[in-house]
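The values are calculated or read from the model by the stated rules, or taken from the named source; none is laboratory data. Please read these numbers as outputs of a predicted model, since none were measured by experiment. Cβ coordinates were reconstructed from backbone atoms using ideal geometry, including for glycine residues, and neighbour counts include every protein chain displayed.
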């Protein structure tokens, strides 16, 4: 089974999606499941994980409703207010939905660089394991020291996923200290990593496949084929290149692995990371 581990849906408006600036005008519109289902079919992908783009319970409920209506949505990584004193009930309400598979907070947009280490936040994350929910980590390289501390606070039973290989500075070709922190984070066997979101960290639209090779090499060695997952970050990826182009890039670079290992990266690891059958 071939699965896209990371994509988004939204009804576009300027208030909720102000981060879509003039340079990203290609995605200043709504993106919904009917359109993406056609993209998946054209590219031979069987299903996807829909990931939150707004930090609201309203959006999370909407994504779950879409998952009910569209079989290709295999799971939803939603947003829950993990800092709430009522976090346990909020998580439980979310987890009751059969396609609720994980939770994410947009850490890299928080003005407090220590946000993920705050007691009220880690207390909420600590409840996710009881509901068999994965936590997606969305950070920039400067957040990786705290990310390492964060992961160390939890048992190996809590599964974590690094989104977008932690957004390394591909545009400038910078590897360190991103490389060293990713290697250290990968020592924790409960951490997976998505091969997603890399095109928008490059010098788009002038990126070349070779621009990504040093970063692929790092995560290939650090996480291995057992804990890597293909993801597109559609529709955000469209500001830089088409879906088929990124799929071709990933398919080519993972050809160094055996067919069985490629199957893990292209789908089986996503099933495992999000506790899907």
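Mind listing whichever residues of the stretch 237-277 are in contact with a helix residue (DSSP H, G or I) (Cβ under 6 Å, 6 or more places away or on another chain) and within 21 Å of residue 26 (Cβ to Cβ)? Even if it seems obvious, please write down each step before you answer.
Of the stretch 237-277, the ones in contact with a helix residue (DSSP H, G or I) (Cβ under 6 Å, 6 or more places away or on another chain) are 237-241, 243, 246, 249, 253-254, 262, 265.
Once the filter is applied, which keeps residues that are in contact with a helix residue (DSSP H, G or I) (Cβ under 6 Å, 6 or more places away or on another chain) and within 21 Å of residue 26 (Cβ to Cβ), the stretch 237-277 yields 237, 238, 239, 240, 241, 243, 246, 249.
State whether the residues of the stretch 76-85 include one that is out of contact with any helix residue (DSSP H, G or I) (no Cβ under 6 Å at 6 or more places or on another chain), part of a strand (DSSP E or B) and closer than 24 Å to residue 270 by Cβ.
Among the residues of the stretch 76-85, at least one is out of contact with any helix residue (DSSP H, G or I) (no Cβ under 6 Å at 6 or more places or on another chain), part of a strand (DSSP E or B) and closer than 24 Å to residue 270 by Cβ, which makes the answer yes.
If the requirement is being assigned to a helix (DSSP H, G or I), under 30 Å from residue 262 (Cβ atoms) and in contact (Cβ under 8 Å) with a residue 40 or more places away in the chain, which of these qualifies: 101, 39?
Working: 101 fails: assigned to a helix (DSSP H, G or I).
Every option except 39 fails the conditions.
Quick one: is residue 20 over 24 Å from residue 146 (Cβ atoms), in contact with a helix residue (DSSP H, G or I) (Cβ under 8 Å, 6 or more places away or on another chain), in a loop (DSSP other than H, G, I, E, B) and without any contact (Cβ under 8 Å) to a residue 60 or more places away in the chain?
The answer is yes for residue 20.
Would the stretch 217-234 turn up any residue that is out of contact with any strand residue (DSSP E or B) (no Cβ under 7 Å at 6 or more places or on another chain), crowded, with 23+ Cβ neighbours inside 10 Å and modelled with pLDDT of 95 or more?
Taking every residue of the stretch 217-234 in turn, none turns out to be out of contact with any strand residue (DSSP E or B) (no Cβ under 7 Å at 6 or more places or on another chain), crowded, with 23+ Cβ neighbours inside 10 Å and modelled with pLDDT of 95 or more.
Considering only residues that are in contact with a helix residue (DSSP H, G or I) (Cβ under 6 Å, 6 or more places away or on another chain) and part of a loop (DSSP other than H, G, I, E, B), look in the stretch 160-172 and name the one that is farthest from residue 129 (Cα to Cα).
It comes out as 168.
The rows are residues; the columns are (1) crowded, with 17+ Cβ neighbours inside 10 Å; (2) part of a helix (DSSP H, G or I); (3) touching a residue at least 40 places away in the same chain (Cβ under 8 Å).
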residue	(1), (2), (3)
174	no, no, no
179	yes, yes, no
188	no, no, no
212	yes, yes, yes
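Taking the condition touching a strand residue (DSSP E or B) at 6+ places or on another chain (Cβ under 8 Å), surrounded by 15 or more Cβ atoms within 10 Å (Cβ to Cβ) and more than 23 Å from residue 178 (Cβ to Cβ), does residue 127 pass? Explain how you work it out, then say what you get.
On the way: touching a strand residue (DSSP E or B) at 6+ places or on another chain (Cβ under 8 Å): no; surrounded by 15 or more Cβ atoms within 10 Å (Cβ to Cβ): yes; more than 23 Å from residue 178 (Cβ to Cβ): yes.
Criteria not met by residue 127.
Residue under question is residue 92, and the condition is that it be at pLDDT 95 or above, over 15 Å from the mean Cα position of the chain (by Cα) and assigned to a loop (DSSP other than H, G, I, E, B); does it hold?
On the way: at pLDDT 95 or above: yes; over 15 Å from the mean Cα position of the chain (by Cα): yes; assigned to a loop (DSSP other than H, G, I, E, B): no.
Here the answer is no, as residue 92 does not meet what is asked.
Any residue in the stretch 126-134 that is in a strand (DSSP E or B) and closer than 22 Å to residue 271 by Cβ?
yes
Take residue 145 and decide whether it is out of contact with any strand residue (DSSP E or B) (no Cβ under 6 Å at 6 or more places or on another chain) and assigned to a helix (DSSP H, G or I).
So residue 145 passes the test.
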